[in-house]
Amino acid sequence: MSAPHPRIPFNRSVTLGAELDYIREALDSGQISGDQTFSKKCQKLLEQTLQTPRALVTTSCTHALEIAALLLNIKPEDEVIVPSFTFVSTATAFALRGARIVFADIRPDTLNLDETRLTERISPRTRLIVPVHYAGVGCEMDSILAIADQHGVPVVEDNAHGLFGKYRGRWLGTMGALGTQSFHETKNITCGEGGALLLNDQALAERAEIIREKGTNRARFFRGQVDKYSWVDIGSSYVISDVLAAFLYGQLEKWPWIQKRRSELWGRYQSILQSWSRENLVHQPFVPEHCDQAWHMYYLLMPSLEIRQAFIQHLKQRGILAVFHYLPLHLSEYASRWRTTDSFDCPIAQNISDRIVRLPFFNSMSNDQQDEVLEAVMSFQCQPSETREPAN
């Protein structure tokens, strides 16, 4: 017997504007393959808003990362530094090219790659650094870029969480040589499955088009720059259907409203749970003053794994789905091929993985739904009142 659906899900995708009208328009055009009307509209909106030289919509953020690996000529035995606390795609895109993945620990405050421990992970074989803007809060990019520049290593920003967030006034995803975006159903802006590659180095744009089009110069052909197209490089099929791009464009048009609504929901969680969190030794998200976050998720750090699991069950019994997040990649079965006794020490990632829980948070969430989640959260006590530490 299957489990009943929660009354309040962790995430819910909904139409917010003209998504269905645009899908009909794409179908009526008779042209629904990639790089048609709505793919171009999405790309233009991203380029103009983010002020990046070139954006290419893709079938997923994973595929955008794979294009990055090909563009930067990652080869077997090259070392690629990624945070241990991230989704597997951050690593697999480069492992596919034979790279050795070097895992870095994260900061205990923002849960981003710890820039103070980055240098110790760099070796003569380091070819790339991939910071992840966790929860849409910017990594310390000034330090990361300075370290990368010192060692002559490019940076690719995995910005799956951070579209329309900023670090010191600069858009996330636009500071490294390349940035990748996700439009998976769990993201602020979605088409179910989709992504984008931000080409912040214009010199990479033409080859990126070729890789994305199965290794052909098809894009140049359609621009009339060549009279026929052929196989000219390595590549794969990374072009998104214009039907999905039509849905995506309907969402992208609404990005200011989406971000505003999510900021309201995030702010209510943060303010209303402040006293409860302090009394129960629960940590709320930390956002540095120089970061304009993307309002991607709202999480709590519980005192222990056991309390985290009890908390999730407490909410489940009330029809509310809350979930944990990443398992540390450095401890994964696949990563054992690279593991040595001294190079995979990521204690913060392990600690955070055991304690983190993400609360329901989606664009169409009503205040009444959020109030129900808040009431359920605050009815949970992490420890008996007589054993609690005094609040600061």
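Mind checking which residues of region 12-35 are polar (S, T, N, Q) and closer than 26 Å to S366 by Cα?
S13, T15
Need pairs with beta-carbon distance below 8 Å; first residue touching a residue at least 60 places away in the same chain (Cβ under 8 Å) and loosely packed, with under 15 Cβ neighbours inside 10 Å and within region 211-239, second part of a helix (DSSP H, G or I) and of a type outside the set (D, E, K, R); sequence gap 6+ or separate chains.
As it stands, the answer is I234/L70; I234/I211, since those pairs meet every condition given.
Sort through L163, L172, L199 and tell me the only one that's closer than 20 Å to Q51 by Cβ, aliphatic (A, V, I, L, M), in contact (Cβ under 8 Å) with a residue 40 or more places away in the chain and in contact with a Pro (Cβ under 9 Å, 6 or more places away or on another chain).
L199
Identify the single condition in (1) part of a helix (DSSP H, G or I); (2) out of contact with any strand residue (DSSP E or B) (no Cβ under 7 Å at 6 or more places or on another chain) that R318 does not satisfy, given that it satisfies every other one.
(1)
Considering H314, H325, H283, which residue is closer than 30 Å to A99 by Cα and not aromatic (F, W, Y)?
Going through H314, H325, H283 in turn, just one is closer than 30 Å to A99 by Cα and not aromatic (F, W, Y): H325.
If you go through region 10-17 one residue at a time, do you hit one that is farther than 17 Å from V155 by Cβ and over 22 Å from the mean Cα position of the chain (by Cα)?
Among the residues of region 10-17, at least one is farther than 17 Å from V155 by Cβ and over 22 Å from the mean Cα position of the chain (by Cα), which makes the answer yes.
When you scan region 20-75, how many residues do you find that are among the acidic types (D, E), surrounded by fewer than 23 Cβ atoms within 10 Å (Cβ to Cβ) and under 21 Å from the mean Cα position of the chain (by Cα)?
1
Determine whether V239 is assigned to a loop (DSSP other than H, G, I, E, B) and over 23 Å from N363 (Cα atoms).
yes
Give me the helices (runs of 4 or more DSSP H) completely within region 1-116, filtered to those with at least 1 residues that are farther than 23 Å from H325 by Cα and at pLDDT 95 or above, ordered by residue number.
19-29, 37-50, 61-71
Do any strands (runs of 3 or more DSSP E) lying entirely in region 118-231 carry at least 3 residues that are polar (S, T, N, Q), and which ones are they?
178-182
Condition first: closer than 20 Å to G138 by Cβ, among the small types (G, A, S) and touching a helix residue (DSSP H, G or I) at 6+ places or on another chain (Cβ under 6 Å). Now tell me which residues in region 164-195 satisfy that.
G165, S182, G195
Filter region 281-315 down to the residues that are free of Cβ contacts under 8 Å to residues at least 60 places away in the same chain, assigned to a helix (DSSP H, G or I) and in contact with a strand residue (DSSP E or B) (Cβ under 8 Å, 6 or more places away or on another chain) and list them by number.
Matches in region 281-315: R308, I312.
Go through V88, V156, V80 for me and flag whichever is assigned by TED's automatic domain parsing to the domain that holds E206, aliphatic (A, V, I, L, M), under 17 Å from the mean Cα position of the chain (by Cα) and crowded, with 18+ Cβ neighbours inside 10 Å.
Just a single option satisfies the conditions, and that option is V156.
Condition test on W338, is it at positive phi, among the aromatic types (F, W, Y), crowded, with 16+ Cβ neighbours inside 10 Å and touching a residue at least 60 places away in the same chain (Cβ under 8 Å)?
Answer is no for this residue.
Can you tell me which of (1) over 16 Å from A335 (Cβ atoms); (2) of a type outside the set (S, T, Y); (3) out of contact with any strand residue (DSSP E or B) (no Cβ under 6 Å at 6 or more places or on another chain) is the one V88 doesn't meet?
Single failed check for V88: (1).
Which ones in region 346-362 are buried (at least 21 other Cβ atoms within 10 Å of the Cβ) and either assigned to a loop (DSSP other than H, G, I, E, B) or at pLDDT below 95 (or both)?
Those that are buried (at least 21 other Cβ atoms within 10 Å of the Cβ) and either assigned to a loop (DSSP other than H, G, I, E, B) or at pLDDT below 95 (or both): C346, L359, P360, F361.
From H133, H151, which residue is farther than 17 Å from A335 by Cβ and surrounded by 24 or more Cβ atoms within 10 Å (Cβ to Cβ)?
Sole residue among the options that is farther than 17 Å from A335 by Cβ and surrounded by 24 or more Cβ atoms within 10 Å (Cβ to Cβ): H133.
Of the residues that sit in region 1-19 and are more than 29 Å from R212 (Cβ to Cβ) and hydrophobic (A, V, I, L, M, F, W, C), which one is surrounded by the most Cβ atoms within 10 Å (Cβ to Cβ)?
If we take residues in region 1-19 being more than 29 Å from R212 (Cβ to Cβ) and hydrophobic (A, V, I, L, M, F, W, C), then I8 is surrounded by the most Cβ atoms within 10 Å (Cβ to Cβ).
The values are calculated or read from the model by the stated rules, or taken from the named source; none is laboratory data. Bear in mind that the values here come from a model prediction, so they are computed numbers and not experimental data. Positions of Cβ are backbone-derived with ideal geometry, glycine not excepted, and every protein chain shown enters the neighbour counts.
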